[in-house]
Amino acid sequence: MLKVQKIFIRSFVILAILLLGTLAVSAQDPVTITFWSPFTGPDGQVIEKMVNDFNATAGPEAGVTVELLIVPWDEYYTKLTVAMASSQAPNLSIAHSHRVSGFAEEGTLLEFTPEVMDSLGIVADNYIPALWNAGEYEGARYALPIDAFPRHLFYNKTVFENAGLDPETPPATLQEVLDDAAAIKASASEDTLPVFIETAGSGAARNFYAVFWQFAPNLLAEDGKSVSPDFIDAATKSFEVTTSFIDQGYASATPGDWVALFAQDKVGIAFSQITNLLAISQVEGLQWGAGVFPVLGDQPATFALGHNFILPAGNSQDEAHVRGSLTFIDWFGKNGFEWAAGGKVPASFTVLDDPEFPTLEAQAVAASQMDYMNLPPIIPQQPEIDRIVQENAEAIYGGQSSIADAVQRMADEINALLG
């Protein structure tokens, strides 16, 4: 039954791709497109406002109404996958860059053909290369990049001042992090964390990748069938660095909600990502700054993911609905500054080169890392690799495994998955 279903989906996708090749953004009969988004909290407020703006301005003129459904991100991919499998998917949705290839492999996405991209005026040179490349799989494009959210750091200027540190100078090297952490520990109360680093959840894996790439350029071997030859060494060094913050009493193995603590001036340095910007910027009186992800290894590097527009295949995808989705995508790209202002690094140089972009100070800091920003390998197995990394990282931080055992287990499990 599953095989028959996949054949049906792929057949539909082939027909829809042929249709997509003939489409261009233009006026049309009124149509409502369904749009699923995983953005909640402050992100959700921004996307809801933008959809409302579109529906009140450009939408009526083009005959398009966007019907937004926000699905909490911890449920999002489960619900989207089920909807795709049952041909009940929305007309338009969001996917993280590491999810695109898996959906494409399953045959559940429509391709953005060259004709479609020409109709929208979309060219590769206008996008950060790593984000652009993440939307391609086996020579075809299945996603259009919207933004990136690289790892970097936030720091609390009040905590810095109380420790006698320069509130305008975040640490940029391992030694500077250690020196600043020592000064904070010596001056602050016992319940203040000099350094916050995630020890559970996706953040534990993302920090691992960020530091790993500072010791080795590739997670996987060149043929993609195993971990890279220097995986064991680089992974070991990565965990030795991050666990050293805990071992020296600068960080906690169970740190709790860093945003809440940061808002109370109880965190000095937080390894995080730009998506937390709105949460801390809305705290009245909080004095904070942003810095690049410090060089904790041999060379600058940081981890990033991006959000992308995708067109799920499904029974509701006809010419009118696909055209309506493209109309909204086109409008969204032209209003990308508003999305970036909500706490993202824009994928497009049109926004990055906007004279007003430097006024978004934290986003500009995060964007300054684009030349050494690394995305995970573009393979269908990447979400499973992330799970393996996360579980073993949690075992280390939870005291359930040594670094050596966890790293070897991580390598063995990834090799078995890819093999």
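Of the residues in the range 76-97, not one is assigned to a strand (DSSP E or B) and either surrounded by fewer than 21 Cβ atoms within 10 Å (Cβ to Cβ) or over 22 Å from the mean Cα position of the chain (by Cα) (or both). Within the range 130-141, being under 17 Å from the mean Cα position of the chain (by Cα) and not charged (D, E, K, R) holds for Ala130, Leu131, Trp132, Asn133, Ala134, Gly135. Restricting the range 244-269 to residues that are farther than 17 Å from Ala182 by Cβ, touching a residue at least 40 places away in the same chain (Cβ under 8 Å) and of a type outside the set (Asp, Glu), the residue that is surrounded by the most Cβ atoms within 10 Å (Cβ to Cβ) is Phe262.
Residues in the range 195-220 that are part of a loop (DSSP other than H, G, I, E, B), in contact with a Pro (Cβ under 8 Å, 6 or more places away or on another chain) and within 15 Å of Pro383 (Cα to Cα): Leu219 only. Here Val389 clears all of (1) buried (at least 18 other Cβ atoms within 10 Å of the Cβ); (2) under 26 Å from Tyr142 (Cα atoms); (3) among the β-branched types (Val, Ile, Thr) except the condition numbered (2).
Those helices (runs of 4 or more DSSP H) of the range 221-313 in which 3 or more residues are hydrophobic (A, V, I, L, M, F, W, C) and under 21 Å from the mean Cα position of the chain (by Cα) occupy 277-281. In the range 345-359, is there at least one residue being assigned to a helix (DSSP H, G or I), outside the structural domain of Trp132 (by TED's automatic domain parsing) and of a type in the set (Asp, Glu)? Scanning the range 345-359, I find no residue that is assigned to a helix (DSSP H, G or I), outside the structural domain of Trp132 (by TED's automatic domain parsing) and of a type in the set (Asp, Glu), so the answer is no. When the test is whether a residue is over 30 Å from Glu161 (Cα atoms) and not polar (S, T, N, Q), Gly333 passes it. As for the range 120-135, it holds no residue that is over 27 Å from Tyr209 (Cα atoms), surrounded by 21 or more Cβ atoms within 10 Å (Cβ to Cβ) and not hydrophobic (A, V, I, L, M, F, W, C). Of the conditions (1) closer than 24 Å to Thr350 by Cβ; (2) outside any strand (DSSP E or B); (3) over 18 Å from the mean Cα position of the chain (by Cα), Val66 satisfies every one except a single condition; which number is it? Only one criterion is unmet by Val66, namely (2).
The values are calculated or read from the model by the stated rules, or taken from the named source; none is laboratory data. This one's a predicted model, so the numbers in the text were calculated from it and none came from an experiment. Glycine also receives a Cβ, built like all others from the backbone with ideal geometry; neighbour counts cover every protein chain displayed.
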